[in-house]
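Novice: To start, I am sharing the structure in question, which I have written as structure tokens.
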Protein chains: 2
Amino acid sequence: MKKISQIGKASLGCGPLIQPLSETARPLRQQIFERVRAAGQMARVQLAKELCISPASVTTITSELIDTGLLEEVQTTREGEGGRGRPAVALRVRPNTRHVVGIKLSDREHTAVLVDFAGNMIAGEAIPRSPGAMGIDGILEAAERLLHRVCAKGGVDREAILALGLGVPGFVDSEAGVVHWSPVLSDRHVGLQAALRDRLGLTVFIDNDANLVTLAELWFGAGRKLSDFAVVTIEHGLGMGFVINHRIFRGSRGMGMELGHTKVQLDGALCRCGQRGCLEAYVADYALVREARTALNLPLGETQPVGVMLESLFDHAKAGNAAARSIFRRAGRYLAVGLSNIVNLFDPALIILSGERMRYDYLYATETLAEMHELMLDTGRDGPRIETHAWGDLLWAHGAAALALHELTEQLLGSTREMAAQ
Amino acid sequence: MKKISQIGKASLGCGPLIQPLSETARPLRQQIFERVRAAGQMARVQLAKELCISPASVTTITSELIDTGLLEEVQTTREGEGGRGRPAVALRVRPNTRHVVGIKLSDREHTAVLVDFAGNMIAGEAIPRSPGAMGIDGILEAAERLLHRVCAKGGVDREAILALGLGVPGFVDSEAGVVHWSPVLSDRHVGLQAALRDRLGLTVFIDNDANLVTLAELWFGAGRKLSDFAVVTIEHGLGMGFVINHRIFRGSRGMGMELGHTKVQLDGALCRCGQRGCLEAYVADYALVREARTALNLPLGETQPVGVMLESLFDHAKAGNAAARSIFRRAGRYLAVGLSNIVNLFDPALIILSGERMRYDYLYATETLAEMHELMLDTGRDGPRIETHAWGDLLWAHGAAALALHELTEQLLGSTREMAAQ
């Protein structure tokens, strides 16, 4: 018996034809845009087939999307049909007319990318910075400087930028545009979206690290093939993103998925957020560094950059230092707890591990995954697929750009008719 | 800025009218049925207003639903319009023509209810049993006996039963109809749905406890007012259900939401599932009973029923026995960890606590909720509303009936036209 009660499966299969409805029409426009975007290019007949809708409906809706500049036609040859090469027309996202900028603020550097509407990167930029929290003014200035530099580098006029996506680590209410806590911000509950919009005179969207990576995967990575997956980011913090039915799920009220701050130990290790026992306090880089002082026998007064300390810890572990090894081992075991909790709660088909710290993986990767499987329910099925994605340095900024593209297209798709009438 | 990227919000608001589409038509039929069911009764004009669709569309779709016997018209008077009392027509779920039975198998008793299609209870039945796992034959026999008895009691012919919903504790793959592990079943990976269908000659649906309570809430409780909520059940085990946008979410592959088996302690207490450190191993009744022996200083050989032992432990705690109090206190603290993890991941607006054990709540309720708030992220917002729902003994069976109603209507709503043509 096929059940259709689950989210993510509700839109499978073709039902009988019924009356028109306006409300559900918006998702269809989005579905068409999403499929074309994900596939790179796609013919109308294929869209009709995959979405179980009439060719006439596809023609109507894609005409609107073309009129508003979201899609365009592209000449193609039909491959795989005996090589006749008869010319055909496909649709693709129209890349050139619109641009967005993505900026990621983090502890060690600020990064920015300039992309077109199809997600192609025009230019990228990185500015190193000294670690620590900044005031709102410092944040605004850094964002403005990066915006100017990346536009100049890409040869794109600032006026041609449609929107800015900005990512910060920490607790971000994306809908309200408020950063409740971030290691890069010295204040709590900051209305960063509005402040940035006023400063730059641009449409601004903000979100946290993990959602950025998830959006980057949704737009440019795994989302091109899969409708449902989880992303776990391990870096200076530990984050999670979750995609159900081609859309990011942020929790019922928009502030969920804080895997790094789920508790794995009552009265456990102290976390940056001020609470105890958070998963992040066992697996994030600052957690490792904290114990590295002990393992490496460093004098209390001596300070080293986080990266240097981690490299040193890593070298010692490889060389057989038992204390150093036990630090990675413990982090790996707690990571296994966190991953198994995700599996037991969300039952994803794929978990993507992402982030700079993943390169220390091989020290404990096999054991960690084995431990995760031991902590998962025995359902007689295979566990989720685990992939480690090594994105480049500009991953986060790319994610911020995906945020801007995502929000912008949601807005555009929600008001196609109004736009077409202009 | 209003974001529409989140699940559960995607269907809010009225978009512009576009072409008909078959795929999304199915959800609309379901939406109409769901609203009428939730409201008890509702006028067509109100449906059109709430769903942002044309009155003509409502008329077409509701006609189909009436033709297939899912809805019926009911005479009503318009209230609140100056008391003119002009007669009007509303729609309601047609209760009488179809019946389903819900059965819950558990450790201490088996229960059953017979309900009509509007969810009204016709008859209920409970059979006590001695605890312990049973073979598949024992399960099938118990279910058959209960089905006969509840039908006889309700004066409904067995042939008039359209489907049976069956709930068992443990890991249930509802879609595949397989029970992977259950304390009431001596075998693992049992195809219970097919076995029961063959034995009874009835359409059968199976699911686990927590999803049953969630479906009961969705059909007969909180779901009448709210589109999104979480349910946590505490009884012989610890379970969770999650409703997003009026629908139950079981995880991407249908086996998620196993809160009781998320790990809250590395190498922690032994759980019934065979693993260590599961939340359930700290808060379920068997976990309390395990330590009760020590606290109450019971001889190792002496066995008492779980209920008796818990009552005794409870009395001792009330009387000031420090060891007994510490058992409840620890359970409460771990429960706080579990609840805060739900909040940090799912960010629900409401968490419903349900289950027999909730009556021990007042021993630690205030402290537990205070602790939960301390473990939640500081987002500057209120936490979720917490409600304790005290359902009667037949809650679980009612949930099993809701499962049957839910699955059956999903099937009926998915094939309305075909049915109408018969």
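The values are calculated or read from the model by the stated rules, or taken from the named source; none is laboratory data. As the structure is a prediction and not an experimental result, all values here were calculated from the model. Note that each Cβ is placed from the backbone with ideal geometry, even for glycine, and that neighbours are counted across all protein chains shown.
Yes/no matrix, rows are residues, columns are (1) among the aromatic types (Phe, Trp, Tyr); (2) touching a helix residue (DSSP H, G or I) at 6+ places or on another chain (Cβ under 6 Å):
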residue: A:Ala370; (1), (2): no, no
residue: A:Leu375; (1), (2): no, yes
residue: A:Thr379; (1), (2): no, no
residue: A:Glu387; (1), (2): no, no
residue: A:Gly392; (1), (2): no, no
residue: A:Trp396; (1), (2): yes, yes
residue: A:Leu403; (1), (2): no, yes
residue: A:Thr409; (1), (2): no, no
residue: A:Leu412; (1), (2): no, no
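Novice: Within region A:201-219, identify whether any single residue is in contact (Cβ under 8 Å) with a residue 12 or more places away in the chain, outside the structural domain of A:Val283 (by TED's automatic domain parsing), in a loop (DSSP other than H, G, I, E, B) and over 20 Å from A:Ile386 (Cβ atoms), and answer yes or no.
Specialist: yes
Novice: Taking the options A:Leu266, A:Leu300, A:Leu238, A:Leu296, name whichever one is surrounded by fewer than 16 Cβ atoms within 10 Å (Cβ to Cβ) and either within 21 Å of A:Glu367 (Cα to Cα) or out of contact with any Leu (no Cβ under 6 Å at 6 or more places or on another chain) (or both).
Specialist: A:Leu300
Novice: Please find, among A:Ala292, A:Ala269, A:Ala284, the residue that is of a type in the set (A, V, I, L, M) and in contact (Cβ under 8 Å) with a residue 40 or more places away in the chain.
Specialist: A:Ala284
Novice: Name the pairs whose Cβ atoms lie under 9 Å apart, with the first residue in region B:248-264 and more than 7 Å from chain A (Cβ to nearest Cβ), the second surrounded by fewer than 24 Cβ atoms within 10 Å (Cβ to Cβ) and in a loop (DSSP other than H, G, I, E, B), and 6 or more positions between them or separate chains?
Specialist: From residues that are more than 7 Å from chain A (Cβ to nearest Cβ), the pairs are B:Gly260/B:Cys271; B:Gly260/B:Cys273.
Novice: Of everything in region A:129-153 that's of a type in the set (Gly, Ala, Ser) and in a helix (DSSP H, G or I), which residue is nearest to A:Ala194 (Cα to Cα)?
Specialist: Ranking the candidates gives A:Ala143 first.
Novice: When both residues are 6+ apart or on different chains and their Cβ atoms are under 6 Å apart, which pairs have a first residue that lies in region A:158-169 and is at pLDDT below 90, and a second that is surrounded by fewer than 21 Cβ atoms within 10 Å (Cβ to Cβ) and not β-branched (Val, Ile, Thr)?
Specialist: That search, which allows pairs on different chains as well, returns A:Pro169/A:Pro183.
Novice: Within the set of pairs 6+ apart or on separate chains, which have a first residue in region A:355-379 that is within 27 Å of B:Gly254 (Cα to Cα) and within 14 Å of chain B (Cβ to nearest Cβ), a second that is at pLDDT below 85 and buried (at least 22 other Cβ atoms within 10 Å of the Cβ), and C-beta atoms under 8 Å apart?
Specialist: Matching pairs, first to second residue: A:Leu377/B:Met255; A:Thr379/B:Met255.
Novice: Here's something else I'd like to know. Starting from region B:95-109, take each residue that is in contact (Cβ under 8 Å) with a residue 40 or more places away in the chain and list its partners that are assigned to a loop (DSSP other than H, G, I, E, B) and surrounded by 24 or more Cβ atoms within 10 Å (Cβ to Cβ), counting only C-beta distances under 7 angstrom and pairs at least six apart or across chains.
Specialist: Matching pairs, first to second residue: B:Ser106/B:Pro169.
Novice: Where residues in region A:276-293 are surrounded by 19 or more Cβ atoms within 10 Å (Cβ to Cβ) and not in a helix (DSSP H, G or I), which of them is farthest from the other protein chains (Cβ to nearest Cβ)?
Specialist: A:Ala284
Novice: A further question on this structure: Return the residues of region A:223-247 that are in a loop (DSSP other than H, G, I, E, B) and more than 7 Å from chain B (Cβ to nearest Cβ); say none if nothing qualifies.
Specialist: A:Lys225, A:Leu226, A:Ser227, A:Glu235, A:His236, A:Gly237, A:Asn245, A:His246
Novice: Can you pull out the residues in region A:178-208 that are away from chain B (no Cβ under 14 Å) and either at positive phi or touching a helix residue (DSSP H, G or I) at 6+ places or on another chain (Cβ under 8 Å) (or both)?
Specialist: Those that are away from chain B (no Cβ under 14 Å) and either at positive phi or touching a helix residue (DSSP H, G or I) at 6+ places or on another chain (Cβ under 8 Å) (or both): A:Val184, A:Ala195, A:Arg199, A:Leu200, A:Gly201.
Novice: Give region B:166-177 a look and list any residue that's within 13 Å of chain A (Cβ to nearest Cβ) and touching a helix residue (DSSP H, G or I) at 6+ places or on another chain (Cβ under 9 Å), or say none.
Specialist: Residues satisfying the conditions are B:Gly170, B:Phe171, B:Val172, B:Ser174, B:Ala176, B:Gly177.
Novice: May I pose another question? Taking the condition of being touching a strand residue (DSSP E or B) at 6+ places or on another chain (Cβ under 7 Å) and among the basic types (Lys, Arg), how many residues in region A:152-180 meet it?
Specialist: The number of residues fulfilling the criteria is 1.
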